[in-house]
Amino acid sequence: MNKNLYQPINGEIIDIIEESPTIKSFVVVPENDFKFETGQFVELTLPGEGEAPFTPSSSPAVTEKMEITIMKAGRVTALLHACQKGQKVGIRGPYGNGYPIEDFVGKDVYIVGGGVGLAPIRSLFLTLVDRVKDFKSVTCRFGARTPEDFIYKNTLFGSWRKIDGVDIKLTVDNADGKWTENVGVVTTILSPGDVDIKNSVAVVCGPPIMMKFATLKLLEFGFGDKQIYLSMEKNMSCGIGKCGHCMLGQYYVCKDGPVFTYDQIKKYPNIWD
Amino acid sequence: MQTVFVNDLEPFLSAVVGQMDVYYPRKIDSHYVFEKYNSSSNRKLEINNIRACTPAKEFLFPLRELAAVFPEPLEPRDIRPFAVFGLKDCDLRSIEVLDKVFTEKDFEDPFYIERREKMFIITTDCSEPAASCFCNVMGGGPFARDGFDLNISQVETGFIIEAGSKKGDEFLAKHSQLFSEAGNDVLSERQKNRETAQKQLEENNAELKFDAPVQEIVEKSYDSDVYDEEAATCVECQACTRVCPTCHCFYLYDTKQKDYFGKMKMWDSCMRLAYAQVAGGENPRKVLGDRLRHRFMHKFSFFLDRYGINMCVGCGRCVDAESGEVDIREVLKKLSQELLGKGGKKAEVAQ
């Protein structure tokens, strides 16, 4: 029989990190080394309960374990949030395309992220900073609803900002008394002077509404449709371009994406829904 | 490839039954369904004059099947060779569509492939196309040209059996004692019958003519209100997608059994409201008309772009199964007419 692409490999959750009131990161050890490219996604199965797609948030350089950051948003994610260390899980994938890192070489990489959208971005960020000199800059503009809602707080507020070639600005919709940075939606910290637009690529990942307005802002700054990379999260189920749930116009997000340029998908209505 | 003749199909059926499981058509009211041959039932084989109302996909991609097991992977299942008797040209072309999806390199569905390899396809000519049949508009016809193992054509005095594959040819050779030579008289009778059926189809669908390729019509009508208007009568029963022989959307879900966890694969429908919805509640096709448009775009544009063939075979099953008033032929006609109305030269012709 051909390889069964519906069969997950076994894995175990060995650690759980509380990132925010609604988001946890799960450290999963697969039974075999698991290779993926940054931006690709996996289907994580809670045996007997359900399966859902997630882009790992860890560096693809690490293959013996991976981190998956999950927001409690539906039935399966709520069950995952209730799991303890030692929980057995299944992993299928990796699926889809990753970020075309080689096309980013020599350019300003302008990363706009929000909420749990920082999960795929963390994997991308770790991949980029591994060879940070290959890029003109890694310029990050991240938003969250409140300071408490930021995930990866330790590195975001600390070590990442000390890396040469990295520039990070943060914003929150609602600040608390201790917040010293920008207040406002993520587009309020985007500025045309942040990067050399002609020689840049932009990467956008976050809640649909944020992706929409960030993309419109980037277009307004003069970014070309092909310079904007969007990580689209649709209802990817089979992961292999058959079951149809994730179709976005002609594309299977699971197979042709999840990373698309705005140019590829702009003609379809409701891409942000 | 051989073409032979028999007076009676029963010995032929027995020969097939001797080698594999057999599914053959059973008439219920004016429709045919497939039923497994059972030696004790003693039911005679009859030639179905039109396609069965159930799609051929059920033999290759069952309504529900176990796709994975935890913690130990699924053992390959022992699928017995099986023959399906009474498939039609439209069924063959629908299998061609499914093959594109489920045998795609690097993305093979092992369960589909297993069944596909075990399937012995026996087609029969259509003698009386149904009012809903419009295969001729979609590039098909009332008899199979290729893709079958054996094809049967009924004539006055018996049946012509033609091999269309090595498997079929070997079968005829193995059972040569059952058959006699197909003479020119019966072959020309077959030709006449086929022409009659073809003519019938053409008459039935005389109104269904387009001034542009269907793909172009559908693509150019992307923003048409026709979808919303048509969807107004849809009752979301999803029957159209169930009986469609090329619709292949499915749904994976996990189950708990007594001694294992399973992952099931089950037919799904893009016409279902929550079909594309994600956990956060976002849904790109909340509106029924948008789902109908997506179904048409997938059938007549996206699939063609990706795999090079049309995803509608014109079998008309969705027309028969429709609980509302959405008729795939009428939708295409309306889109086409609307487009003509907008155009320059073509609009004059239409008036």
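Some points to look at:
- The alpha-carbon positions of chain B define a convex hull whose volume is 174 Å³ per residue.
- The angle separating the long axis of helix A:208-221 from the principal Cα axis of greatest extent in chain A is about 30 degrees.
- Taken along its three principal axes, the alpha carbon spread of chain A comes to 55, 44, 35 Å, from the longest extent down to the shortest.
- Alpha-carbon geometry of the range A:169-252: the Rg and the Dmax are 16.2, 50 Å, given in that order.
- Model label sites at B:Ala131 and A:Asp176, defined 7 Å from Cα along the beta-carbon direction, differ in position by 7.1 nm.
- Relative to the current alpha-carbon distance between A:Lys35 and A:Glu49, full extension at 0.36 nm per residue lengthens the span by 2.5 nm.
- Positive-pole candidate from A:Leu118, A:Gly86, A:Val259, dipole of chain A, charges at beta carbon: A:Val259
- With Cα atoms as the point set, the range A:101-231 shows a radius of gyration and Dmax of 13.6, 42 Å.
- In terms of other Cβ atoms within 10 Å, A:Thr22, A:Thr155, B:Thr246, A:Thr127 run from fewest to most in the order A:Thr155, A:Thr22, A:Thr127, B:Thr246.
- Local electrostatic count, B:Val319, Cβ distance below 11 Å [Lys/Arg +1, Asp/Glu -1]: -3
- Only Lys, Arg (+1) and Asp, Glu (-1) charged, at Cβ; the protein assembly as shown dipole about Cα centre in debye: 860
- Which of A:Ser25, A:Met210, B:Cys234, positive extreme of dipole for the protein assembly as shown (C-beta unit charges): A:Ser25
- Shown here is the pair-distance distribution of the range B:214-350: with all Cα-Cα distances grouped in 10 Å bins from zero up to the longest one, the shares run 11, 36, 33, 13, 5, 1, 1, 0 percent.
- Too-long pairs where the Cα-Cα distance tops 23 Å, listed order kept, from A:Lys242/B:Lys105; A:Lys133/A:Lys162; A:Lys3/A:Lys242; A:Lys107/A:Lys178: A:Lys107/A:Lys178
- For the pair the range B:23-39 and the range B:266-327, the centres of their Cα atoms are 29 angstrom apart.
- What you get for the range A:9-95, charging only the Cβ of Lys and Arg (+1) and of Asp and Glu (-1), is a dipole of about 200 debye around the Cα centre.
- Top of A:Glu19, A:Glu43, A:Glu148 by mean-square fluctuation, Gaussian network on chain A, Cα under 10 Å: A:Glu148
- Convex hull volume per residue in cubic angstrom - Cα atoms of the range B:1-94: 164
- Based on alpha-carbon atoms, the Kirkwood radius and the radius of gyration of the range B:80-123 give Rg/Rh equal to 0.99.
- Most mobile of B:Cys135, B:Cys318, B:Cys249 in a GNM of chain B (Cα contacts under 10 Å): B:Cys249
- With both labels modelled 7 Å from their Cα along Cα-to-Cβ, the B:Lys174 to B:Asn7 distance reads 2.6 nm.
- Inverse mean reciprocal Cα-Cα distance (Kirkwood Rh) of the range B:133-246, Å: 18.1
- DSSP beta bridges confined to the protein assembly as shown are antiparallel in about 65 percent of cases.
- For the protein assembly as shown, the C-alpha radius of gyration sits at 1.12 times the compact-globule guess of 2.2 N^0.38 Å, with N the residue count.
- The three principal axes of the C-alpha atoms in the range B:3-204 carry coordinate ranges of 62, 40, 35 Å, sorted with the longest axis first.
- Under the convention that each Lys and Arg Cβ holds +1 and each Asp and Glu Cβ holds -1, the size of the dipole of chain A around its Cα centre is about 280 debye.
- Top of B:Pro25, B:Pro129, B:Pro73 by mean-square fluctuation, Gaussian network on chain B, Cα under 10 Å: B:Pro73
- Cβ-based charge dipole, chain B, positive-most Cα from B:Cys315, B:Thr103, B:Pro73: B:Pro73
Every number in this text was worked out from the coordinates using simple rules, so none of it is lab data. No experiment lies behind these values; they were computed from the predicted model shown. Cβ atoms come from the backbone with ideal geometry, glycine included; neighbour counts cover every protein chain shown.
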